Amino acid sequence: MNPISGTHSKEEIPAQIEQLLDKEQFEASIRFTEYAGHAAEIAKECADNHEDVVVAVGGDGTVNEVARSLVHTQTALAIIPCGSGNGLARHLCLPLDVKKAIGIINCCKIETFDYGVINDLPFFCTCGMGFDAFISLKFAEAGKRGPITYVENVLKEGLKYKPETYEVADETGAKKYKAFLIACANASQYGNNAYIAPGATMKDGEMDVIVMEPFNVLDAPQIAADLMMKTLGNNSKIKTFRTKHLTIHRQQEGAIHYDGDPIMTGKEIDVRIEHNGILIVTNPEVEEDNGQPNPVLNAFSDLFNNINNVREDIEKRGKRIQRVNKVLLRKLTKL
């Protein structure tokens with residue numbers, strides 16, 4: 001348990017575990033993390049001791065630390081999500097309510113899932129470079145957690161951020177992209193139901209790669225809406241494909257992120273999927289988010305699309321008027 005992750009107190013959770021965990025099935029102990037990396041050390045110790053399950057009580061950072069010590073072992077990961085984003089828990093349709101999450105552990109349905117690796121750093125939801133890695137750095141420096149802090153950073157820095165040029169190569173060949181960001185997704189979302197890869201599954205042995213092309217301030221509301229409505233793939237600024245292994249060359253060193261944790265690295269980036277590499281305790285009623293759009297939210301997406309169509313029509317008309325004005329001006333100057 002990470003006592004400081006997320007936005008809510010965890011003082012009551014040990015008592016809830018003591019009260020609700022099925023003692024006929026489990027002998028349990030609670031360990032509190034004391035520093036960055038401590039969860040990974042505890043989880044490795046548990047795996048080495050052939051414990052059946054290690055439960056990460058915290059946010060995506062705690063989940064990543066625990067999970068990376070459990071890959072390719074017979075010890076399963078379970079999650080009591082208490083973070084600010086809870087990306088992996090949300091993708092796996094795990095309840096955010098502590099009591100219900102303990103109920104999932106009592107059922108103890110264990111499945112095998114994929115995980116990803118970026119420059120030898122394991123990730124379980126997403127990794128990436130460009131604007132999302134840059135924002136992860138700002139978010140880590142902010143001190144405060146939660147979606148409001150994240151949105152504040154996005155709005156403050158988004159319009160100032162300059163897209164980069166990337167050379168991206170997979171088994172089909174290499175392409176160059178000028179991109180606002182490149183995300184590689186093992187799971188469907190960043191967290192907080194922001195769906196960067198709505199159709200991603202952790203069972204297919206591939207990652208969804210999302211290239212977000214440069215956009216202007218008028219495009220931003222539609223992209224934000226598509227992220228929340230699971231319709232990002234329909235946006236004209238988005239290019240997507242699937243692959244098992246990806247290499248990326250960029251023009252300068254900079255930040256990358258793995259499950260939201262930022263780190264500075266060089267120009268060469270290697271990303272791959274490890275198929276069936278980790279055991280996870282899952283929801284017995286539903287395994288993964290199916291990526292289907294919410295019909296109510298879809299109606300809002302249609303509204304945004306209609307607004308964009310009107311805006312584009314106005315822009316085209318404006319350009320035609322400008323051309324006509326230039327012709328008239330040339331004719332007037334000849335008179």
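The values are calculated or read from the model by the stated rules, or taken from the named source; none is laboratory data. Values in this document were obtained by computation on a predicted structure and should not be read as measured data. A quick note on method: Cβ atoms are made from the backbone with ideal geometry, for glycine too, and the neighbour counts reach across all protein chains shown. Only protein heavy atoms, including side chains, enter the accessible area calculation; ligands, DNA and RNA are left aside. Shrake-Rupley method; radii C 1.70, N 1.55, O 1.52, S 1.80 Å.
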Could you list, in sequence order, all residues of the stretch 248-269 that are out of contact with any Pro (no Cβ under 8 Å at 6 or more places or on another chain) and under 22 Å from residue 88 (Cα atoms)? 257, 259, 260, 261, 262, 263
Do you know which of the residues in the stretch 188-210 that are more than 21 Å from residue 168 (Cβ to Cβ) and more than 11 Å from the chain's Cα centre (by Cα) is surrounded by the most Cβ atoms within 10 Å (Cβ to Cβ)? 202
Candidate set: the stretch 223-247, residues that are assigned to a loop (DSSP other than H, G, I, E, B) and out of contact with any Pro (no Cβ under 7 Å at 6 or more places or on another chain); chosen: the one surrounded by the fewest Cβ atoms within 10 Å (Cβ to Cβ): 236
Tally of residues being outside any helix (DSSP H, G or I) and not aliphatic (A, V, I, L, M) across the stretch 39-62: 6
Residue in the stretch 211-222 that is modelled with the lowest pLDDT, counting only those that are outside any loop (DSSP other than H, G, I, E, B) and crowded, with 17+ Cβ neighbours inside 10 Å: 222
Among all residue pairs at least 6 apart or on different chains, which show Cβ distances below 8 Å where the first residue, located in the stretch 263-291, is closer than 26 Å to residue 120 by Cα and without any contact (Cβ under 8 Å) to a residue 12 or more places away in the chain and the second is open to solvent by 60 Å² or more (accessible area, probe 1.4 Å) and outside any strand (DSSP E or B)? 264/253
Mind listing just one residue for me: the one in the stretch 238-256 that is more than 19 Å from residue 133 (Cα to Cα) and basic (Lys, Arg) and, of those, nearest to the chain's Cα centre (by Cα)? 242
Check whether at least one residue in the stretch 17-29 is among the aliphatic types (A, V, I, L, M), within 24 Å of the chain's Cα centre (by Cα) and either assigned to a helix (DSSP H, G or I) or modelled with pLDDT of 95 or more (or both), and report yes or no. no
Pairs where the first residue, in the stretch 78-92, is free of Cβ contacts under 8 Å to residues at least 24 places away in the same chain and the second is open to solvent by 10 Å² or more (accessible area, probe 1.4 Å), C-beta under 7 Å, 6+ apart: 81/94; 81/96
Based on what the data block shows, is residue 166 open to solvent by less than 20 Å² (accessible area, probe 1.4 Å) and modelled with pLDDT of 95 or more? yes
